[in-house]
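**Q** Questions regarding the structure given below will be posed in turn.
The values are calculated or read from the model by the stated rules, or taken from the named source; none is laboratory data. Computed from a prediction, not measured in an experiment: that's the story for all the values here. All Cβ positions, even for glycine, are placed from backbone atoms using ideal geometry, and neighbour counts span all protein chains on display.
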Amino acid sequence: MLSVSYNPVYNARIPSMFPLSRSGCGAILVSVLFLALPVLASPWQPSEIQLARKIAAVTGPGAMAVDISNSSPLRNGEVEEIRQGLLDELALFGLHSVASEQAAATIRITLSANLQEYVWVAEIRQGNSEPSVVMVTTPRPETTAPEHPAPELILHKALIWTGDNRILDVALTAGNQAQMIVLEAESISLHVLQSGHWLPEGRVPITHSRPWPRDLRGRLLLRKDHLFDAYLPGVQCRSVAVAPLAISCRESDDPWPLSYDPLALSAFFAPTRNFFTGVLSPGIQKKTSTLPFYSAAALPRDRYTLWAFAAVDGQVHWLDGMTEQVEKLGWGDDIVSLHSGCGSGWQILATEKSRGAQEALAAFEVADREPIAVSNPVEFENSISALWPDADSATATAIVQNAETDKYEAYRISPTCGQ
């Protein structure tokens, strides 16, 4: 068999060649050498290549649907960089991202971490076969916590209502005559402000065919074409548009609004429990569900809205429509958005355990899913049973039961910018 070997040979310079000047050809040579320099790769590229190779070994080339969720400390920008890098590497193996209904394989990638390393897990589903799981790890770099100079925020609490019956929510209307609507377990009452005092204007019962769950929750939302809607587990009530106060209640499994426009998002409430099921309507871009949760808060960004969910697992789930990140922050079950106008404009108001049964509220700035406390804590003598945003999102209503008097109290929480 003919064997051919190639040995590199250095050719001496041809005497007739013109020397390169500092301009002209010399500049061309410098440009060529500059273009030949290696481009610095992403620090995640080795892991992206490794995971893409393992996925391709299972699926082979073809169409795939890819979903990436983040439960690690990675920031939103890093997750997006990894997502694009993985798609690029998978394309080199002949795997192309398409919509789920057109895909031959569904790949669910979870970015997680422990104290020493990042762990990326891909669950691969093809047709009716059992799912395959592949995984890669990469060491976590040692980083220092970034500094986020945040303006001080001062929270104020003002007692607006107290009563013997359990209060679920309180709403204050704006206009020529201030009105207060109080939602209790079995009735809704209306009060008007006269000479600095709230005077009763009417009370109507709430009709329901099934007993309420033990830990009852309820929500009031002010409306433009009528006074309010009231949401309770398995029941929705609607007020009339004109006085006197009257409501019509019906059994309903419609989702509860989590916020007012333009941040409109609703979620389905478990009728026999005290939390939301996790199914969202209409969803946050591609994300239509999350873990069951107690409360949610929205933070508007330039191009998207970041949502925080206080989940039943005791952690905060961050959703931006593309990714989901999970953090253990030590917050309580109740969080709301607060449009203070201070700092970035929007903060999260969250409950925190204080001492014993006492609970406190504090405001947090969130820079790329990194909450930083920016307010003084507002303390309560007992745990907060309800925390809902008001119609303008500039204030919130907190409900507690006074440990000494056993009465229920409603407080309005309002922020001012610190000096």
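**Q** Given the conditions (1) small (Gly, Ala, Ser); (2) part of a strand (DSSP E or B); (3) in contact with a His (Cβ under 6 Å, 6 or more places away or on another chain), and given that Ser393 satisfies all but one, which numbered condition is not satisfied?
**A** Here Ser393 meets the rest and fails (2).
**Q** From the list Glu89, Glu123, Glu130, which one is within 25 Å of Thr288 (Cα to Cα) and out of contact with any Pro (no Cβ under 9 Å at 6 or more places or on another chain)?
**A** Result of the check over Glu89, Glu123, Glu130: Glu130.
**Q** If you don't mind, another one. Restricting to the stretch 349-367, name every residue that is among the aliphatic types (A, V, I, L, M) and surrounded by fewer than 16 Cβ atoms within 10 Å (Cβ to Cβ). If you could, list the steps in order and put the result at the bottom.
**A** So the first thing to find is which residues in the stretch 349-367 are among the aliphatic types (A, V, I, L, M), and the list is 349-350, 357, 360-363, 366-367.
The answer is Ala357, Ala367.
**Q** Shifting gears a bit: Count, please, the residues in the stretch 106-137 that happen to be at pLDDT below 90 and farther than 22 Å from Ser72 by Cα.
**A** Qualifying residue count for the region: 5.
**Q** Return the pairs, sorted by first residue and then second, in which the second residue is outside any strand (DSSP E or B) and surrounded by fewer than 20 Cβ atoms within 10 Å (Cβ to Cβ), the first residue lies in the stretch 177-192 and is among the hydroxyl-bearing types (Ser, Thr, Tyr), the beta carbons are less than 7 Å apart, and the residues are 6+ apart or on different chains.
**A** Within 7 Å, the pairs are Ser187/Ile206.
**Q** Return the total of residues in the stretch 139-195 being assigned to a loop (DSSP other than H, G, I, E, B), at pLDDT 95 or above and either over 24 Å from Glu404 (Cβ atoms) or hydroxyl-bearing (Ser, Thr, Tyr) (or both).
**A** 1
**Q** Scan the stretch 313-354 for residues that are assigned to a loop (DSSP other than H, G, I, E, B) and aliphatic (A, V, I, L, M) and jot them down.
**A** Those that are assigned to a loop (DSSP other than H, G, I, E, B) and aliphatic (A, V, I, L, M): Met322, Leu329.
**Q** Which of the following residues is surrounded by 19 or more Cβ atoms within 10 Å (Cβ to Cβ), aromatic (Phe, Trp, Tyr) and touching a residue at least 60 places away in the same chain (Cβ under 8 Å): Trp307, Trp388, Trp346?
**A** Among Trp307, Trp388, Trp346, only Trp388 is surrounded by 19 or more Cβ atoms within 10 Å (Cβ to Cβ), aromatic (Phe, Trp, Tyr) and touching a residue at least 60 places away in the same chain (Cβ under 8 Å).
**Q** Can you name every residue in the stretch 83-131 that is in a strand (DSSP E or B) and either more than 15 Å from Thr59 (Cβ to Cβ) or of a type in the set (Asp, Glu) (or both)?
**A** Thr110, Leu111, Ser112, Ala113, Glu117, Tyr118, Val119, Trp120, Val121, Glu123
**Q** What is the number of the single condition among (1) touching a Pro at 6+ places or on another chain (Cβ under 8 Å); (2) buried (at least 18 other Cβ atoms within 10 Å of the Cβ) that Ser281 does not meet?
**A** (2)
Residue-by-condition table, conditions (1) β-branched (Val, Ile, Thr); (2) surrounded by 14 or more Cβ atoms within 10 Å (Cβ to Cβ); (3) farther than 30 Å from Glu370 by Cβ:
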residue	(1), (2), (3)
Arg83	no, yes, no
Ala91	no, no, yes
Ala99	no, no, yes
Ile107	yes, yes, no
Ala113	no, yes, no
Gly127	no, no, yes
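**Q** Right, next: Do we find that Glu78 is of a type outside the set (Lys, Arg), surrounded by 17 or more Cβ atoms within 10 Å (Cβ to Cβ) and within 24 Å of the chain's Cα centre (by Cα) in this structure?
**A** Yes, satisfied.
**Q** Run down Phe293, Phe276 and say which single residue is within 18 Å of Pro371 (Cβ to Cβ) and at pLDDT 95 or above.
**A** One residue alone meets the criteria, Phe293.
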